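Step one of this worksheet: look at the structure below.
The values are calculated or read from the model by the stated rules, or taken from the named source; none is laboratory data. Values in this document were obtained by computation on a predicted structure and should not be read as measured data. Cβ placement follows ideal geometry from the backbone for every residue including glycine, while neighbour counts extend to all protein chains displayed. Areas reflect the complete protein model, heavy atoms only, side chains present, ligands, DNA and RNA absent. Shrake-Rupley method; radii C 1.70, N 1.55, O 1.52, S 1.80 Å.
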Amino acid sequence: METDISFGTWIRRRRKALDLTKNALAQRVGCSLALIEKIELGTRRPSKQIAEILADALELPESERPLFMKVARGERSVDRLTSPPPLPNLSLLQSSQTLSNSIPTPLTLLIGRETELSALHQMLGDPQCRLITLVGPGGIGKTRLAIEAARTQEEAFPHGVCFAPLASLNSPNFIVPAIASALGFKFSDSTDPVPQLLEYLRKKQLLLVLDNFEHLLDGVGLLVEIIRFAPRVKLLCTSREQLNVQGEWVFEVRGLPVPEAEALFVRCAHRVQTDLLADEANRQRIIHICHLVEGMPLAIELAAAWARILSLAEIEQEIQRNLDFLSTTMRDLPERHRSMRAVFEHSWGLLTKEEQQALARLSVFRGGFTRQAAEQVAGLNLDVLCALVAKSLIQRGRQNRFSLHELIRQYAARQLETAGETEKVQQQHIIFFTDFAEKATEHFSGPLMPTWLERMERDNDNLRAALDYSITLQFSDLALRLSAKLWRFWEYRGHVEEGRRWLNTVLHLPDIHTEDNALQHAQTLNAAGALARIQGDFAQASCLYEESLALRRRAGDEKGIAAALNSLGLLSMLEGKYAKAAAYFHESLQLCRKLGIKTEIVRRINNLGIVAMYQGDYEQARLLHEECMRIYQELNDRHGVAGSLGNLGDVMRYRGEYDRAMQVLEESLALLHEIGDIHGLVVTLASIARVHLAKGNVNQALATFHASLMQNQQVGDKTEIANSLEGIAEALGASAGHLPLSEDGIQLAVRLLAAADRLRATVGAPRSAAEHAEYDRITDQLRDQLSESGFLMEWKRGTEMTTEQAVECALVHLSQFLAASDCS
């Protein structure tokens, strides 16, 4: 029997061969009509009990029933079942009121689309839904989906289902004859054919499928008349553009999700390469190919056809390199579907000049774009944006973002190049996203920081593209400006290694050493030094900071010199070279006092206070942080006041003044709540938790670390997530395993500490000298409470956890602990 038949299709054919309606079969089985419909659609497998009753209802011979049961449960292939008897020739049995033609028989099995079919089934069953348009770009599978949806409706319409292909028509004048031909209707005379067709349809209850309507939109008035004069006729259209008439229900068809796309590729590849190796490496390549074409069925089929002569790795490379690769010489495919270029050229030809220009310019975006970005970079107005969305060339996604299918973007980029506009539009893209990055970083110390970090993450592909364009075009000034503003984002979001690569590339551009670029060059060197410092590459950080300082000294930039000295001080402090750090901070402070910049003066005093605390001079640290607080109060800088209170709290904790420390930290926390500084809240919560821990209040410490970790999830700062996990591990270790947890607290502590260690290595966030001493103490404490083999086993489990798994593990267990503590 044919191999491309589903179990649901087999059931439907067997039922029809027995002259049973779906209702009749449902009555025989004793189940709902909906269940039979789902089984025939392939969206539901029958249970063992239903399958047994189905075998009786469909009058299967006893010899075939064991095999039928295995096929019904998906354990054996349907092609092993005996073919159902052929259906009677309906054209001989139908009355004059029934259509003589039927929908096309697909040559291949439809893979996936269960969700879409179910939705269309509901829509077609809605009396208010008379006109449905399946919209989507060429090659997305609209026709195949329409055919499958129509096949499930044959019994719902007494006069049948009719399929009218319109792709070959070159004028709306031919729509009426095409529909009449598909219906088997002949005009009685040479008078106006429209009234004759409407009169014929007025008496019918049928589903009319109109395939490929996008080039005939001037004839859409006919569809409106059919809906108006033939109340029991429903229309199902496929089009690259919505029809834009009243009463239209638009159904957007998108690419296949990965599992379905992967299954389609494998099925198509097996037709030309039956011994395709199904190992994990090949599976990952297939998934990547499906991602590259964003699940577009036609592109998947064209790519899979190359499996006969190319490896999967070669197919991947060719798709990324050349759009023309996705083509075929199959003779039974229409010309417009023999290559992705032909598909897109057909769509391109339906656009106005203004729409073509806009689509080409939008190709510079990566990973989507906002309406504002489209307006400023591509000069796109709202009318053109709406037109391109309606024509399925732009997709509207979440958070008011829009995107191009990657293959459409590649085609549009070629058109932009042909028009000679690529460099100009890329420059506009660079300027827009440089301004965007500068605006975002202005909010990094305020309440909107998490929002802006998330916005930058959504546009990370565009930020990468802007850097790439600026480097390729050698716009050194823009490359320096942009890269210098991104280092905080790279730090907070764990992209430190990537950030260092970008900065290294920018710093090797040929013309960055000009006098005009001196200040931006120095700032970029400082950014590169900061990321090197964060990763623990202290030698490289020192070289970059020193180069930045030298450049600023040559330029006579005293404010920049003060900033560079401060960076060197921070590096020395992390290395535990406290005297050297203090010297850098003092020199920087003198310059800031000379310049009279109070905001910088107070920051240097703050850093000197931290150095004093690390040196054990707690009284000096207290005096310095109290001075900071007074200056911040004069500046009316509530954020600075909150930070100073937090630092004072840490000093009080080191002095053993726990009650005073708690009082000061809670003041800081309240102020941070008012300001809305979530990042500051996270740090202060951790300090409060450590005061609880120092006082022996393990329960309160864990509760506070729990709150800190939850806030960290919102901010997304992976270094602070590692800090929270380490704090929880420390508190669990201090409990000596006596907490009411669902598993041993010490084992959990080791896993979380290992996960934090792995996270730090992943994002490049080593500990400072002071932090390392604390880490060693905690690790030794945990080792003492487990056997060496037990410790190593739990450590290994922790290093195998992802960040998300580690956070979830910590939150779940602490939630259980807190609930148990409340109950007790």
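Just a few scattered comments:
- Residue count for region 529-548, restricted to those that are open to solvent by 10 Å² or more (accessible area, probe 1.4 Å), under 24 Å from residue 468 (Cβ atoms) and assigned to a helix (DSSP H, G or I): 3
- Whether a residue is on the phi < 0 side of the Ramachandran plot, at pLDDT 90 or above and over 30 Å from the mean Cα position of the chain (by Cα) was assessed, and residue 272 does not pass this test.
- Residue list for region 505-520, filter: surrounded by 15 or more Cβ atoms within 10 Å (Cβ to Cβ), within 36 Å of the chain's Cα centre (by Cα) and touching a residue at least 24 places away in the same chain (Cβ under 8 Å): 506, 509, 512, 520
- Taking region 389-421 as the range and being among the aliphatic types (A, V, I, L, M) and at pLDDT 90 or above as the test, the residues that pass are 412, 413, 416, 419.
- Whichever residue in region 629-653 is over 19 Å from residue 681 (Cα atoms) and in contact (Cβ under 8 Å) with a residue 12 or more places away in the chain and, among such residues, is surrounded by the fewest Cβ atoms within 10 Å (Cβ to Cβ): 634
- Of the residues screened, residue 485 is not one that is at negative phi and either of a type in the set (A, V, I, L, M) or touching a Lys or Arg at 6+ places or on another chain (Cβ under 9 Å) (or both).
- Criterion: of a type in the set (S, T, N, Q), crowded, with 20+ Cβ neighbours inside 10 Å and modelled with pLDDT under 75 - qualifying residue of 712, 723: 712
- For residue 180: the one exception among (1) free of Cβ contacts under 8 Å to residues at least 40 places away in the same chain; (2) closer than 20 Å to residue 147 by Cα; (3) touching a Phe, Trp or Tyr at 6+ places or on another chain (Cβ under 6 Å); (4) not acidic (Asp, Glu): (3)
- Filter result for residue 610 (open to solvent by 20 Å² or more (accessible area, probe 1.4 Å) and of a type outside the set (Phe, Trp, Tyr)): yes
- Residues that are open to solvent by 10 Å² or more (accessible area, probe 1.4 Å) and assigned to a helix (DSSP H, G or I) within region 367-383 comprise 371, 372, 375, 376, 382, 383, listed in sequence order.
- Test: residue 187 is aromatic (Phe, Trp, Tyr), surrounded by fewer than 20 Cβ atoms within 10 Å (Cβ to Cβ), part of a helix (DSSP H, G or I) and at pLDDT below 90: no
- Each residue in region 79-106 was checked for being open to solvent by 70 Å² or more (accessible area, probe 1.4 Å), more than 18 Å from residue 182 (Cβ to Cβ) and either in contact with an Asp or Glu (Cβ under 7 Å, 6 or more places away or on another chain) or at pLDDT 75 or above (or both), and 1 pass.
- For residue 523, the conditions (1) open to solvent by 30 Å² or more (accessible area, probe 1.4 Å); (2) in contact with a helix residue (DSSP H, G or I) (Cβ under 8 Å, 6 or more places away or on another chain); (3) more than 18 Å from residue 438 (Cα to Cα) are fulfilled apart from (3).
- Of the residues making up region 656-668, those that are hydrophobic (A, V, I, L, M, F, W, C) and over 9 Å from residue 645 (Cβ atoms) are 661, 662.
- Top-ranked residue in region 107-124 [being surrounded by fewer than 18 Cβ atoms within 10 Å (Cβ to Cβ) and in a loop (DSSP other than H, G, I, E, B); ranked as farthest from the chain's Cα centre (by Cα)]: 107
- Some residue of region 596-604 being of a type in the set (Asp, Glu), open to solvent by 30 Å² or more (accessible area, probe 1.4 Å) and under 45 Å from the mean Cα position of the chain (by Cα): yes
- Check on residue 552, at pLDDT below 95, open to solvent by 30 Å² or more (accessible area, probe 1.4 Å) and either within 41 Å of the chain's Cα centre (by Cα) or not hydrophobic (A, V, I, L, M, F, W, C) (or both): no
- Residues in region 768-782 that are more than 16 Å from residue 610 (Cα to Cα) and among the charged types (D, E, K, R) were compared, and the one that is surrounded by the most Cβ atoms within 10 Å (Cβ to Cβ) is 774.
- Against the criterion of being open to solvent by less than 20 Å² (accessible area, probe 1.4 Å), farther than 24 Å from residue 264 by Cβ and touching a residue at least 40 places away in the same chain (Cβ under 8 Å), residue 166 qualifies.
- Within region 202-298, strands (runs of 3 or more DSSP E) holding 3 or more residues that are without any contact (Cβ under 8 Å) to a residue 40 or more places away in the chain, under 19 Å from residue 347 (Cβ atoms) and open to solvent by less than 60 Å² (accessible area, probe 1.4 Å): none
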